1. Whole Å is fine, so just give me how far the alpha carbon centre of segment 47-105 lies from that of segment 265-313.
2. Projected onto the charge dipole of segment 166-323 (+1 at Lys/Arg Cβ, -1 at Asp/Glu Cβ, origin at the Cα centre), which of Cys287, Ser178, Leu275 gives the Cα projection farthest towards the positive end?
3. On average, how much accessible surface per residue is there in the chain, in Å², for a 1.4 Å probe, leaving out ligands, DNA and RNA?
4. As I understand it, the value is the acute angle between the Cα axis of helix 201-213 and the longest principal axis of the Cα atoms of the chain; what does it come to in degrees, rounded to 10?
5. Once you have the Cα-Cα distance between Asp79 and Lys298, take 0.36 nm times their residue separation minus that, and quote the gain in nm to one decimal.
6. How big is the accessible area of Thr221 in square angstrom, nearest 10, if you roll a 1.4 angstrom probe over the protein chains?
7. Please report the antiparallel percentage of the DSSP beta bridges confined to the chain, to the nearest 5.
8. GNM on the chain, C-alpha springs below 10 Å: top fluctuator among Ala83, Ala163, Ala131?
Amino acid sequence: MPTLQIHDQRVLVDPGETALDALLRAGVPVAHACRAGACHSCLLRASAGVLPAAAQVGLKDAQRAQGYFLACMCRPESDLTLADEDTTTATELVAVTRLAPDIVRVQLRPTAPFAYRPGQFVTLLRDDGLARSYSLASVPELGEDLELHVRVLPRGRMSGWLADAARPGDPLRLRGPSGDCIYMPGDPTRPLALIGTGTGLAPLHGVVRDALRRGHTGPVTLIHGAVAPSGLYLQPALAALARAHPNLRYVRCALHGEPAPDLEIGPIEAVAARLLPQLRGHTVFLCGDPERVRVLRKQSFLRGAKLPDILGDAFVTAPPPTA
């Protein structure tokens with residue numbers, strides 16, 4: 001059986017077992033969340049050994065060349081030696097404020113310079129090893145604090161702690177940033193379509209402000225969807241942003257609710273298809289519920305957007321804790 005060498009410990013990997021499960025079984029603390037290769041919480045580095053290709057899917061070329069891999073997707077076929085290194089940045093909690101009945105804004109202040117692009121995501125780690133990934137809603141040029149939008153889930157270990165027990169000054173660590181859901185300057189006249197559900201608004205809020213701050217003049221459409229109108233947060237700030245930038249169209253969409261002049265009712269993919277029937281030449285940003293992102297990605301392609309121009313991250317929820 002393959003072995004994992006970490007520090008002074010050798011861990012045997014059972015047939016078909018992932019590196020993450022083998023390490024956790026052996027009592028080795030490894031940050032993890034989604035177990036699906038999406039959040040990059042379990043990013044490790046091998047200093048020796050041959051990594052299976054599936055363990056590096058979604059990583060950047062530079063990361064693959066340095067031996068980084070996703071432990072949750074790695075089923076070792078040979079012995080691996082894991083590097084002993086800290087790839088995180090210390091940060092402290094500044095404030096937690098309520099944005100909607102089940103959504104909070106989390107403000108963080110890194111203790112060292114932290115370079116990122118609006119729309120990327122980070123993994124937030126507690127001292128006990130609990131890790132969750134969240135998108136950045138902040139823009140570095142508009143303030144030093146990082147901003148996350150966190151949905152408070154029933155039995156959510158991280159979200160519940162942030163909403164109810166965390167206090168300003170609490171120490172945390174950050175891994176990342178990761179993700180390619182970012183605004184790329186180059187053609188300021190190119191149409192942009194930003195579509196997201198729930199806290200999928202977080203990266204889109206960062207991207208749209210970054211684009212406008214950089215002088216984007218092309219038409220920008222931001223569609224935010226939720227199950228009910230109560231889930232459509234940041235409305236005053238986004239409405240004010242649209243008034244200040246005539247090229248920005250801000251649309252609220254709810255799956256259920258009473259029709260109103262400033263509220264679309266229905267599935268977000270149907271609203272997007274009606275308001276944006278032609279996406280040829282657009283850059284499309286999609287964030288939020290994985291199924292909605294999948295459907296919107298397919299529809300965007302069918303309406304003319306090129307696949308390299310469809311960017312975004314699906315929000316994968318970590319498995320609930322076992323009883």
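The values are calculated or read from the model by the stated rules, or taken from the named source; none is laboratory data. What you see is a predicted model, and the numbers here were worked out from it, not measured in a lab. Glycine also receives a Cβ, built like all others from the backbone with ideal geometry; neighbour counts cover every protein chain displayed. Accessible surface is based on the protein model in full, side chains and every heavy atom, while ligands, DNA and RNA are left aside. Shrake-Rupley method; radii C 1.70, N 1.55, O 1.52, S 1.80 Å.
1. First find each Cα centre; the distance between them is then 28 Å.
2. Final value for the positive-end residue is Ser178.
3. Ligands and nucleic acids excluded, the figure is 46 Å² per residue.
4. Helix 201-213 sits roughly 60 degrees off the main axis of the chain.
5. 74.9 nm
6. Per-residue accessible area (Thr221): approximately 10 Å².
7. Roughly 60 percent of the beta bridges in the chain run antiparallel, per DSSP.
8. Ala83
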